[in-house]
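The values are calculated or read from the model by the stated rules, or taken from the named source; none is laboratory data. Model, not experiment: these values are computed from the prediction. Here the Cβ positions follow ideal geometry from the backbone for every residue, glycine too, while neighbour counts run over all protein chains shown.
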Amino acid sequence: MPPPATRTLHFPHAAPPAFGDTIEVAPGVLWTRLPLPFRLDHVNVYLIEDDGGFAVLDTGVDTADSRAVWERLIAGVLRGRAPTKIVVTHFHPDHIGLAGWLCRRFGVPLYASQTTYLSSINISIRPDALEGEHYRDFYLRHGLAPEIAALVATQGHSYLRLVSALEPTFRRIVTGDTLTIGGRKFRLLSGDGHAPEQIMLVSDADNLFFAADQVLAKITPNVSVWAVEPYGDPLGLYLRSLRALKEQVAADALVLPGHQLVFAGLHTRIDELIAHHELRCRLILRACAAQPHSAAEMVPVLFPKALDPHQMSFAFSETQAHINYLIRCGTLFAVVGGDGIERVTVPG
Ligand SMILES: [Zn+2]
Ligand SMILES: [Zn+2]
């Protein structure tokens, strides 16, 4: 057992910076925030001192509010020290949304994993792939009522409205590589589960860990199965990534995440996240031991509160992630009933 002091998270800054204000979290590393039009109402952006300016890590969504905050940053802290490169951790709109706009405005390159870049480009080529018939079929097969499936299937796929077009070229960053920003060398890691090939940065010299959305202090990063890959195992990949991070990043590193507060206590938080998912798996196995459940029937077991269609979409997809993981582990198996709905049950 670790000593008690390491079993709680430590927050060096009790409050975050206001939108467009900055806090220097380490020498030459500025933390700022941009607004999001969601219940999670902000995203963290980091400015890392570089030769001739600042490297920008993540960008916020492409909304008028977000651009206005960038204008304040450009006229304020960035005055005379323009962005030198735009580094994006993953393809979600809150992180990549203004990358294209910033790259064009300052004539600087985008650094991203290949999966991040191509995922975003792919949605721009085939936006209907996120709203098609196969989505509705996926929800129906896993037991959602048709009227809910119709609502859920057309909810929230507003990706392109929140993302400015990317430039036709980018610079690929890969796990195991080193990225030099100013005088610092960053080890690049990638993690899966929340988003494919999400990039994280480690500065060993300064004991900093830019965690993106892989590890957040108070909320559990979303881990979901989507219709595009109905038999995917993002939870298995996520748990594998969390365990690897304990080997790859020091327990006392300062964690600079994509949302919420900067904190220390990485290994403790990883243990909490693993325990959270293990508990959900136990709840599923207990329910299935009593009787077979579809993913939709399992949602209230994991999410007892009433859910609006948007929340239902995420709750359903998270539940599916746990089910697919348990199927992959061999502790659940799926049977399609006469009603065409797939239900899972325990072997034996
Ligand atoms: Zn994300
Ligand atoms: Zn995010």
Q) Looking at (1) closer than 20 Å to A211 by Cβ; (2) free of Cβ contacts under 8 Å to residues at least 40 places away in the same chain; (3) of a type outside the set (V, I, T); (4) surrounded by 20 or more Cβ atoms within 10 Å (Cβ to Cβ), can you tell me which one P17 breaks? A) (4)
Q. Which condition does G80 not pass, out of (1) modelled with pLDDT of 90 or more; (2) of a type outside the set (A, V, I, L, M, F, W, C); (3) at positive phi, if it passes all the others?
A. (1)
Q. Applying the selection to region 247-283, what residues are part of a loop (DSSP other than H, G, I, E, B), of a type in the set (V, I, T) and touching a helix residue (DSSP H, G or I) at 6+ places or on another chain (Cβ under 9 Å)?
A. V249
Q | Sole exception among (1) farther than 20 Å from L256 by Cα; (2) modelled with pLDDT of 95 or more; (3) more than 13 Å from the chain's Cα centre (by Cα) for L160, by number | A | (2)
Q. Mind checking which residues of region 35-44 are modelled with pLDDT of 95 or more and within 11 Å of ligand 2 (Cβ to nearest atom)?
A. L36, H42, V43, N44
Q. So which pairs qualify, if the first residue must be in region 83-111 and farther than 17 Å from A195 by Cα and away from ligand 2 (no atom under 15 Å from the Cβ), the second must be assigned to a helix (DSSP H, G or I) and of a type in the set (G, A, S), the Cβ gap must be under 7 Å, and the two must be at least 6 apart or on different chains?
A. I86/A99; L110/A99
(Q) If Q198 satisfies all but one of (1) buried (at least 17 other Cβ atoms within 10 Å of the Cβ); (2) under 30 Å from D339 (Cα atoms), what's the number of the condition it fails? (A) (2)
Q: Looking for whichever is basic (K, R), away from ligand 2 (no atom under 16 Å from the Cβ) and either modelled with pLDDT under 95 or not in a helix (DSSP H, G or I) (or both) here; the options are R343, R286, R328. Which one fits?
A: R343
Q.
For region 200-233: of the residues being polar (S, T, N, Q) and outside any strand (DSSP E or B), which is farthest from ligand 1 (Cβ to nearest atom)?
A. N207
Q. Out of all the residues in region 37-66, which are in contact with a helix residue (DSSP H, G or I) (Cβ under 7 Å, 6 or more places away or on another chain) and closer than 12 Å to T89 by Cβ?
A. V43, V56, D58, T59
Q) Taking H142, is it within 16 Å of ligand 2 (Cβ to nearest atom) and buried (at least 20 other Cβ atoms within 10 Å of the Cβ)? A) no
Q.
Six or more apart or on different chains, Cβ atoms under 7 Å: show the pairs whose first residue is in region 212-227 and farther than 17 Å from A295 by Cα and whose second is of a type in the set (G, A, S) and more than 9 Å from ligand 2 (Cβ to nearest atom).
A. Q214/G191; Q214/S241
Q) If we scan region 297-310, do we find a residue that is among the small types (G, A, S) and modelled with pLDDT of 95 or more? A) no
Q: Looking only at region 256-277, count how many residues are under 19 Å from A26 (Cβ atoms), of a type in the set (A, V, I, L, M, F, W, C) and under 15 Å from the mean Cα position of the chain (by Cα).
A: 1
